Amino acid sequence: MSDQDGRSSTKQRALARTQERRALMALPPRRRMDALVEAQDARALVRSLPAEDLYTTIQEVGLADASELVQLVSPRQFQTFLDLGSWERDTLDAHRVLTWLRAARGEEPGEFIAKLEKMDLELLELVLRRFARVHSLEETPDVHVEGVTLETPEGKYLVELTVEGAEQAALRTLVNDLLAQNPFEAVRLLEAVRWEVPGELEEQAFRFRTARLADLGFPSPEEGASLFAYADPERFPVRGHATRAALLPPGERVDYLEAVVRALDEDERDALEGELRLTANQALVAEGAEPGDVEAQRSVLEMVRDVLNLGLEHATGGDPERAVDVLREEHLKRLFQLGFSLTLKLKFRADRLMRLPLARVEGVPLLFPREAAGVSALRQRRPRRALKVDGAEPVPFRNRRELAESAELLSRAEAQVVVLGALLGGTRDAADEAVRGLGRPLVEVGVEGLFTAAVAHAVRTGEARVAPVPQRGLAPLLAALFTGTPEAPAVRPEARSRAREVLAAAVPPQAHAELDRLLDVTFERLLDELGRPFLSGTVLPTVAEALLPLERT
């Protein structure tokens, strides 16, 4: 066989393994595990797969039901399982280590011993320190112990097991295995257990673990954070025209990353999958999640795909057919930074808004509820968008239309601060005094109530001021606002025009468009909640006070 034929055959085998792995990972977890352990050459197949994929399968199925799969893995793969599944930040969970060891022990002692030998000695020492006491029979021949004990062959040490149940049985088997495999090394291990400082052991084990995780693509926290660094979108070359006309229709979504995958050849797809895994690992570290947290992995991978889609949509000008060319020219990390920076631009703008002197009064943003929720969502550590549903949690951005909608919301919010700040007097002192004059905390009155009070005074007295409406003036106000019948109520045109004229005179011209919108919203709300009851003769002051502050008598 020629070298070229050999290379071709190797490539074909590698391609077949890749396709097999993809097919396996596409199966539901239980069926995936069954396919692995029931394969014709199960051990070879399992050991050809990435340890991270096997770990995910085990976590999805449950370790208690996946021991047969754990027993098939290589010592190096098992070491990865311990690295991923036995730590909480920089603290080792010895119970988890023992649980993994219980799962790994099968009917072939040699396989189990090979896994033990691959483990860091520090891990074994920490497990033994946690669950056993080692007594020197030379120092204390008549040592008193309770419970199960094991004596070393030469009679030097007595190992007292301090756990019960299944963990005790697992630990007893572990110590017997160590003594049977290499009594001399086992005794040295027990000596170390007696004298080594636990903190130093754990620190050393953590360093070893950190180095191995780095080889798997889990970087330092500093490097992980660099994934979220700002990269000015204006400096990124756009292959198409990133115009408003290119935005997706509402409710429609294009998966640019999937479009790329379909267009790549097998080698390119393999490289992309590897780069995507590394990017997700970097994001996982940056988010402060544990590398072995499968739920966090799933959540972070979804976030990474969303951000990459944002970057690809921007870089292609909204043309999915250009996505593969973009990806062939750019690293995923840069595309991720591009997508994330598109959201950061909105966050920076929201932060600037809320630093304005009159952006808050009494700690309350001078924003209507929807705009307040939108600004709050944008100011999160990872900017998000608020849904138009009261009480709903903010969600990630998934396309440029959603970015554009949040940009429009920000424009409204910026104008609202101008409108409300002007109506409150234009200075901090004047605003504080006006809000104190409402008689109730602003958090109770609400920004909508504050603006409604200004509308009410504009209609009643022709003044642009924020103050409670006198109880005796409520009926004349409603009469000035509404006309028609209970079945067909309407806002008087002269009331709308008078309010607009009075308030526009107090508000800077650049905010007049938002002022008009707020007037429309406010008159519609007043009509819905007060117009029909007033025309029916059933308006109660308590109902009116829920919409605007009334002067208490």
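The values are calculated or read from the model by the stated rules, or taken from the named source; none is laboratory data. These figures come from a predicted structure and were not determined experimentally. Note that each Cβ is placed from the backbone with ideal geometry, even for glycine, and that neighbours are counted across all protein chains shown.
Overview of results
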item	result
Some residue of the stretch 141-148 being within 42 Å of the chain's Cα centre (by Cα) and closer than 17 Å to LEU178 by Cβ	no
ALA170 being modelled with pLDDT under 95, buried (at least 16 other Cβ atoms within 10 Å of the Cβ) and under 28 Å from ALA64 (Cβ atoms)	yes
Boolean, VAL254 is hydrophobic (A, V, I, L, M, F, W, C), at pLDDT below 95, surrounded by fewer than 19 Cβ atoms within 10 Å (Cβ to Cβ) and within 24 Å of the chain's Cα centre (by Cα)	yes
Qualifying residues in the stretch 381-400 (those that are out of contact with any Lys or Arg (no Cβ under 8 Å at 6 or more places or on another chain) and surrounded by 10 or more Cβ atoms within 10 Å (Cβ to Cβ)) - the one farthest from MET354 (Cα to Cα)	ARG400
Criterion violated by ASP215 - all others in (1) more than 30 Å from ALA64 (Cα to Cα); (2) exposed (fewer than 12 other Cβ atoms within 10 Å of the Cβ) satisfied	(1)
Helices (runs of 4 or more DSSP H) wholly inside the stretch 57-108 that include at least 3 residues being closer than 18 Å to ALA42 by Cβ	67-72, 75-85
Given (1) under 30 Å from LYS345 (Cβ atoms); (2) touching a residue at least 12 places away in the same chain (Cβ under 8 Å), index of the condition GLU222 fails	(2)
Residue in the stretch 128-151 that is part of a helix (DSSP H, G or I), of a type in the set (D, E, K, R) and in the same structural domain as VAL175 (by TED's automatic domain parsing) present	yes
Any chance LEU158 is part of a strand (DSSP E or B), surrounded by 14 or more Cβ atoms within 10 Å (Cβ to Cβ) and not charged (D, E, K, R)	yes
Failed condition for ARG322, given (1) more than 26 Å from the chain's Cα centre (by Cα); (2) surrounded by fewer than 18 Cβ atoms within 10 Å (Cβ to Cβ)	(2)
Neighbours by Cβ (under 8 Å, 6+ apart or cross-chain): first from the stretch 233-245, closer than 14 Å to LEU403 by Cα; second assigned to a helix (DSSP H, G or I) and at pLDDT 75 or above	PRO233/HIS314; PRO233/LEU338; PRO233/SER341; PRO233/LEU342; PRO233/LYS345; ALA242/HIS314; ALA242/ARG400; ARG244/ALA404
Residue list for the stretch 349-362, filter: exposed (fewer than 15 other Cβ atoms within 10 Å of the Cβ) and at negative phi	ASP351, ARG352, ARG355, LEU356, PRO357
Filter result for VAL197 (at pLDDT below 95, more than 29 Å from the chain's Cα centre (by Cα), among the aliphatic types (A, V, I, L, M) and buried (at least 19 other Cβ atoms within 10 Å of the Cβ))	no
Residue list for the stretch 418-435, restricted to those being surrounded by fewer than 21 Cβ atoms within 10 Å (Cβ to Cβ) and not in a helix (DSSP H, G or I)	GLY425, GLY426, THR427
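Matching residues to (1) within 27 Å of GLN59 (Cα to Cα); (2) small (Gly, Ala, Ser); (3) at pLDDT 95 or above:
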site: ASP93; (1), (2), (3): yes, no, yes
site: PRO109; (1), (2), (3): yes, no, no
site: LEU126; (1), (2), (3): yes, no, yes
site: VAL148; (1), (2), (3): no, no, no
site: THR152; (1), (2), (3): no, no, no
site: GLU164; (1), (2), (3): yes, no, no
site: LEU179; (1), (2), (3): no, no, no
site: VAL187; (1), (2), (3): no, no, no
